[in-house]
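Read through the structure below, which is laid out as C-alpha cells, and then see the notes.
The values are calculated or read from the model by the stated rules, or taken from the named source; none is laboratory data. Nothing here was measured: the structure is a model prediction, and the numbers come from that model. Cβ placement follows ideal geometry from the backbone for every residue including glycine, while neighbour counts extend to all protein chains displayed. Note: accessible area is taken over every heavy atom of the protein model, side chains too, but ligands, DNA and RNA are not part of it. Shrake-Rupley method; radii C 1.70, N 1.55, O 1.52, S 1.80 Å.
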Amino acid sequence: ISKLVFELSGFILQVVVVIFTVLLLGLQGVRIVECKVANEFDSLEYPAISCRKHTAFLTDFGGVGDGKTSNTKAFQYAISNLSHYASDGGALLVVPPGTWLTGSFNLTSHFTLFLQSEATILASQDESEWPTLAVLPSYGRGRDAPDGRFSSLIFGTNLTDVVITGYNGTIDGQGCYWWDKFHKGELKLTRPYTIEIMFSNHIQISNLTLINSPSWFVHPIYSSDIIIQGLTILAPIDSPNTDGINPDSCTNTRIEDCYIVSGDDCIAIKSGWDESGIKFGMPSQHIIIRRLECVSPDSAMIALGSEMSGGIQDVRAEDLTAINTESAVRIKTAVGRGGYVKDIFVKGMNLKTMKYVFWMTGSYGSHPNPHFDPKALPNITGINYRDVFADNVTYSARLDGIANDPFTGICISNVTIHSGDKKLQWNCTDIEGVTSNVYPRPCELLPEKKEKIECPYPDDKVPIESVQLKTCSFKSVSFF
C-alpha cells in the first residue's frame, strides 16, 4: 500500500508540474507537447528525412474530428505554436483517426504533418476558408482565370525540412464543388491544389491517399531536394485538370512507388508558361521517376510540358506501368514556348490499352494570351526510350515536331507493340533520330540502325537518390 501511495503521489506531482509549465508557456504563446502519459507499447515508427523532438496532436489545439466542425483555426493555431520548436529539434503534428474538416492552412519549417490510419483531412467547400494568392511569377496569370488563385489546402512557402506523411491517412479535396464551377465557367480565380510547396527545400510527401482534388493534387514549385513516394492518388477519370504530381521548376526530385488514377496527366513536369516562364528562367531538372502505375484514359502517364518555357532537363523514368491511358511519356510544346526539353531517359514501360505509345506534340497551343513571341521556339533533343512492351494499342506513335525546328536526337530501342488494325502505325513529321529492334517498323524519319543498339540510360545517380530515410517514432495518444 505504501508503495502505491508513493507512486500515486509522484504521478500527482508530475501532473502539477506539467500543468504549471503549460500555463507558463501558454502566456508566451507556446504549448508544451511532451505531456502525454503513454506506455512502451504506444511507440509508432515511420520513415522520414528528419525526426522530430516534439509531438502534439490536433486535439491538443481544439481539433474536432466529426466531419462537420471547421478545424481551420485549430490547424493554424497548432502549426503556429509548434513553429517555436523549429530550432529545438522540430515538431510533429499528429492528425488522429476521424474526419477533420478544414480550409487552407500553411506549414512551417522543421515540421512533420502526420495522418494516422483512418484519419481524413476533408477540404472545406466554403470559399471564405480559402485565402487568395497572387499568380505564379513563371505563369503570369492563373490557369483557370487571369487574376489570382486560391491557396492550396496544404500550403507552404520559403520553408526547409518539411514532411507530410502518415499511415495511409486520407486527404479529400472534395473537388466536385470546384469542378462544377469550372464546367459552368463561374471561376473568377484559379482553383486550389491539394498540396503546394513553394520556394522550399528538403521536402517529403509520402504514404498517403489523396482523393478528389479541386485541380492538381501535388505541386512542388521553385523547390529542390524533394521526395514523393507511396502516394495513392484517385480522381474520377472525367474530372478536369486533376493532374497527380506536378514538379514545376524543381531540382533534384524523386518520385517513386505511386499509384495514380486521374482525369489528366498522372505526372506532369513543368517550368513556366511562355514569356513569363522564359523571363523567370527556372528549369525542372535532375528528376527520377520509378515504379509508377497510372490510369488516365484522356491524358499521359508522364507529360513533359506543356508549360516548359524555363526548360526541362535530365529526367529519368523507369519501371512504369500504364493501363487504359491515352499515352505513355508525352512531350507537349508549341511555338512561343521557348525553353527546352532535353536529356530525357525512359526504360522499362509495360503498357496496356493505349491510344499512343509515343507521342510528341509541337503544336499544343494553350497560350496565356495571344501575344506570344513566334520566334520563341522550343529546343527538343536527346529523347531516349528503351525496353517497352505495349498491348492493345491504337497507334504506335504520333511524333510531330515543328517546321524549321525539328525534334532531334530521338532514340527508341527494344520495343514490341501489339496494335490494332490501323494501317498507319507511325505518323512522323519534323523529327530526327534512330531506332533499333522496334516492332512494328517505325517511320522513315527514324531509320533502324544496322547494328543493334541500346538507347542510353545514365549509370550515375541523381543526388536525391542517395538520400536515405531515417526511422522515426512518436508516442501515440494514450491517457491514464
- Message: Quick check: Cα centre of segment 281-308 to Cα centre of segment 364-411, how many Å?
- Response: 14 Å
- Message: Please give me, ordered by residue number, the chymotrypsin sites (Phe, Trp or Tyr not before Pro) of segment 129-211 that lie in loop per DSSP and have at most 16 other Cβ atoms within 10 Å.
- Response: 167, 199
- Task: Rounding to the nearest 20 debye, state how big the charge dipole of segment 143-191 is about its Cα centre with +1 on each Lys and Arg Cβ and -1 on each Asp and Glu Cβ.
- Result: 180 debye
- Item | Of the GluC sites (Glu not before Pro) in segment 371-480, those whose Cβ has at most 16 other Cβ within 10 Å and which sit in DSSP loop | 444, 451, 454
- Task: Give me the accessible area of residue 337, 1.4 Å probe, in Å² rounded to the nearest 10.
- Result: 0 Å²
- Residue-wise, which Karplus ³J(HN,Hα) couplings in Hz belong to segment 298-307, taking 6.51 cos²θ - 1.76 cosθ + 1.60, θ = phi - 60°, and x for glycine or proline? 10, 8, 9, 5, 10, 10, 10, x, 6, 6
- Query: Of 422/450; 53/475; 73/475, which sit over 18 Å apart, Cα to Cα?
  - Reply: 422/450; 73/475
- accessible surface per residue for segment 210-357, probe 1.4 Å, DNA/RNA/ligands not counted, whole Å² -> 23 Å²
- Cα-centred dipole magnitude for the chain, charges only on beta-carbon of K, R (+1) and D, E (-1), debye, nearest 20: 140 debye
- Item | HN-Hα J in Hz across segment 239-255 - Karplus 6.51, -1.76, 1.60, θ = phi - 60°, x for Gly and Pro | 7, x, 6, 8, 3, x, 10, 10, x, 10, 6, 10, 10, 6, 10, 10, 10
- Under the Karplus relation with 6.51, -1.76 and 1.60 and θ = phi - 60°, whole-Hz ³J(HN,Hα) for segment 353-367, x at Gly and Pro, equal 6, 10, 7, 10, 7, 10, 8, 10, 10, x, 10, 5, x, 6, 8
- Task: Can you give me the span-like helices of the chain, meaning DSSP H runs with 24 Å or more of Cα extent along the axis and Kyte-Doolittle mean at or above 0.5?
- Result: 2-26
- Message: Need the C-alpha centroid separation for segment 424-480 versus segment 264-279, integer Å.
- Response: 20 Å
- Item | Cross-link partners of residue 355 among aspartates and glutamates (Cα-Cα below 12 Å; sequence separation of 8 or more within a chain) | 298, 326, 391
- Just one of (i) 30.6, 99; (ii) 22.1, 68; (iii) 24.8, 94 is Rg and Dmax of the Cα atoms in Å calculated from these coordinates, so which is it? (iii)
- Starting from the amide H of residue 253, placed 1.01 Å from N in the peptide plane, find each other amide H under 5 Å away whose residue is 5 or more places distant or on another chain. 226, 287, 288
- Note on the structure: Residues whose built amide H sits under 5 Å from the amide H of residue 358, excluding neighbours closer than 5 in sequence, are 397, 398
- Could you compute the FRET efficiency for residue 421 and residue 298, with r as their C-beta to C-beta distance and R0 at 35 Å, rounded to 0.05? 0.95
- Message: Please report the accessible area of residue 329 (heavy atoms, 1.4 Å probe, ligands and nucleic acids excluded) in Å², nearest 10.
- Response: 0 Å²
- Query: Counting Lys and Arg as +1 and Asp and Glu as -1, each charge on the Cβ, what is the dipole of segment 417-480 about the Cα centre in debye, to the nearest 20?
  - Reply: 400 debye
- Item | Protection proxy ranking of 367-375, 305-313, 141-149, 55-63 - average other beta-carbon atoms within 10 Å, highest first | 305-313, 55-63, 141-149, 367-375
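Once you've got the Cα coordinates, tell me which of 352/449; 352/423; 270/470 are over 23 Å apart.
352/449; 270/470
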- Query: Which far-off residues, 5 or more places away or on another chain, put their amide H under 5 Å from the one on residue 402, with H placed in the peptide plane?
  - Reply: 407
- Query: Considering only protein heavy atoms and a 1.4 Å probe, what is the carbon-and-sulfur percentage of the accessible area of the chain?
  - Reply: 53 percent
- Item | Additional length obtainable on full extension of the chain from residue 452 to residue 125, 0.36 nm per residue less Cα span | 112.0 nm
